[in-house]
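Okay, so here's the structure we're looking at.
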Amino acid sequence: MLRLAAGSAVVGLALAATAAGLAGPWDGGQRRAERARAVEPAGTGGAHHDRPAPAAPAPSAAAVLTPLTPPTAPPARIASLPLAPALDPLLRAPGLGSLRTASVVDVATGRRLYGHGAATPMTPASTIKIATAAAALSALGPDHRLATTVVAAPGNRTITLVGGGDPTLDGGRLKRLADDTAKALRTAQTTEVTLAYDTSLYEGPVRHRIGVNDNIAPVTPLMTDEARLDGSAWGPAPRAMDPAGRTAREFAKLLRTRGITLTGAPAESRTESLTESRTESPTGSGAGSGAGSRSPEQPKKQIAAAYSAPLAALVERTLTFSDNDLAEALARATARATGHPASFDGAGRAVRAELRKLGVPLDGARFADGSGLDRRNRVSARLLTGLLTRAADPAHPTLRPVLTGLPVGGFSGTLRSRYADGSPAAGLIRAKTGTLTGVNALAGTAVTADGRLLAFAFLAGDTPSPSRAQRALDALATALTSPYATTRPAPHTAG
């Protein structure tokens with residue numbers, strides 16, 4: 001029943017044959033990227049993303065494969081037990097504080113195997129990103145792209161850089177956008193323009209409720225490299241206070257080096273037309289394809305565009321590296337797609353409405369942000385395992401990146417340094433971490449000793465320290481892979 005692709009096994013991408021069939025083909029950026037990311041350091045997830053640590057050697061293929069091969073006959077000393085006797089003592093670990101809930105589900109059948117307060121709403125920290133990602137994929141589809149565009153007013157004397165909600169816009173794509181813009185202006189026989197920039201795609205507060213914090217930039221639809229000032233790609237970093245203005249000024253410099261004269265400094269301005277093009281997938285092979293809608297007061301035309309990676313890849317990046325900026329962008333893209341205001345409140349309503357369509361339990365759920373940094377968020381362990389099983393369901397193929405984006409224990413993303421040092425669960429656990437002060441969580445999938453894929457969620461509050469809580473959570477997830485635990489349902493489960 002169990003099958004493993006040898007190449008994936010080397011980097012810890014261990015899945016049961018059931019899981020492989022449910023999770024879909026191993027294609028796209030994440031599967032390739034994990035090979036490279038396996039040698040990168042990882043943080044802890046949530047609001048406490050540690051700075052990069054020295055990379056530890058990856059386990060050998062044999063070490064990953066050995067636990068996946070069921071013995072022909074179980075040793076006599078191994079009892080066939082339900083999950084409750086294995087998990088109950090671990091769930092009582094002092095490191096999990098005074099509040100702890102759990103849910104474990106057989107992915108193939110949807111049968112609940114274990115529950116402890118599974119319906120109790122808890123502060124989820126970054127595990128809420130599973131909900132954010134599922135809602136975005138459901139509303140927009142995995143092929144959707146976010147667009148940063150340049151539009152020109154009549155006569156091409158004023159151009160506007162329009163933010164489309166893509167925090168992954170980098171220097172390379174901004175340069176190509178400048179190339180295409182300069183080319184379009186020269187074609188129109190214009191070499192002198194006024195540059196404006198538009199951030200009207202989003203509404204409400206720009207600053208997250210936690211205030212100035214290295215874990216998240218001001219939430220604006222126009223930024224470059226997530227407004228990072230230290231050249232880092234993920235984790236905490238000092239951020240620009242005005243990401244949109246910074247990006248516009250850099251764009252102005254790029255235009256000047258391409259022979260375009262700018263009159264005055266870039267100024268913020270609202271562009272009423274072409275709003276649809278700011279979040280649509282490209283319809284042509286080159287920038288500037290598609291003129292979009294026209295405002296009767298001041299018709300404008302799109303002359304260049306830079307598109308993000310497909311939404312599937314954005315979701316995978318969000319989950320693998322617990323990317324707070326990208327999570328907030330996904331939540332607002334969901335809001336835009338479903339007719340809600342692209343604000344913290346509007347995005348929360350949009351995510352809830354989209355999850356309701358997926359039929360997951362939402363009792364007591366609250367979505368105050370998309371990243372999990374807001375302590376007012378509430379989700380249940382049952383909701384998280386419900387989303388994970390939906391993502392594995394052949395009836396919901398658009399949700400598959402929720403599974404493929406989960407970090408691999410001992411190998412990638414925020415689990416790179418966990419389940420290492422010879423842990424028998426290395427490569428068998430894929431999970432989203434969650435860490436705030438006093439809050440720790442882990443939700444994902446585990447391959448059992450008898451070759452089944454389980455979805456699990458463990459949420460803890462009032463935890464005494466993140467390190468103790470993480471060890472306790474890792475022990476719970478590891479127990480799911482132990483030959484001492486089987487997938488027989490327990491006689492009684494709580495919650």
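Counting residues in the range 175-247 as N, plug N into 2.2 N^0.38 Å and put the Cα Rg over that result.
Numbers: Rg = 15.5 Å, N = 73, 2.2 N^0.38 = 11.2 Å.
Scaled against compact globular proteins, the figure is 1.38.
Given PRO466, THR338, GLY409, which one lies farthest toward the positive end of the charge dipole of the range 330-477, if we put +1 on the Cβ of every Lys and Arg and -1 on the Cβ of every Asp and Glu?
Ranked along the dipole, the leading option is THR338.
May I have the pair-distance distribution P(r) for the range 129-266, computed from all Cα-Cα distances with 10 Å bins from 0 and rounded to whole percent?
11, 38, 33, 15, 3
Just the Kirkwood number for the range 361-495, please: inverse of mean 1/r across all distinct Cα pairs, in Å, one decimal.
Evaluated over the range 361-495, this radius sits at 15.7 Å.
With a 1.4 Å probe and all protein chains kept in place, how much accessible area does ARG352 have, in Å² rounded to the nearest 10?
Taking all protein chains as shown, ARG352 has close to 70 Å².
I need the semi-axes of the equivalent ellipsoid of the range 307-363: take the C-alpha gyration tensor, multiply each eigenvalue by 5, square-root it, list largest first in whole angstrom. Don't jump to the answer; show the numbers that get you there.
On the way: eigenvalues 77, 39, 23 Å².
With the √(5λ) rule applied to the range 307-363, the semi-axes are 20, 14, 11 Å.
Relative contact order for the range 360-495: what is it in percent, counting Cα pairs under 8 Å that are at least 6 residues apart?
The value is 17 percent.
Express in % the proportion of alpha carbon pairs of the range 291-428 at distances exceeding 22 Å. Working shown, then result.
Numbers: 4677 of 9453 pairs.
Tail of P(r) above 22 Å: 49 percent of Cα pairs.
List, in order, the whole-Hz ³J(HN,Hα) value for each residue of the range 301-309 obtained from phi through the Karplus relation with A = 6.51, B = -1.76, C = 1.60 and θ = phi - 60°; use x for Gly and Pro.
Taking θ as phi minus 60°, the curve returns 10, 7, 10, 6, 7, 10, 10, 6, 5 Hz for the range 301-309.
Per residue, how large is the accessible surface of the range 294-436? Use a 1.4 angstrom probe and give square angstrom. Mind showing how you got there, number by number?
Working: 4100 Å² over 143 residues.
For the range 294-436, the per-residue accessible area is 29 Å².
What full-extension length gain, to one decimal in nm, is calculated for ARG471 and ASP214 as 0.36 nm per residue of separation minus the Cα-Cα distance?
Numbers: separation 257, 0.36 × 257 = 92.52 nm, distance 2.54 nm.
Gain on extension, ARG471 to ASP214, equals 90.0 nm.
The values are calculated or read from the model by the stated rules, or taken from the named source; none is laboratory data. All figures in this text were calculated on a predicted structure; none of them were measured in a lab. As a convention, Cβ positions derive from the backbone with ideal geometry for all residues, glycine included, and neighbour counts pool all protein chains shown. Areas reflect the complete protein model, heavy atoms only, side chains present, ligands, DNA and RNA absent. Shrake-Rupley method; radii C 1.70, N 1.55, O 1.52, S 1.80 Å.
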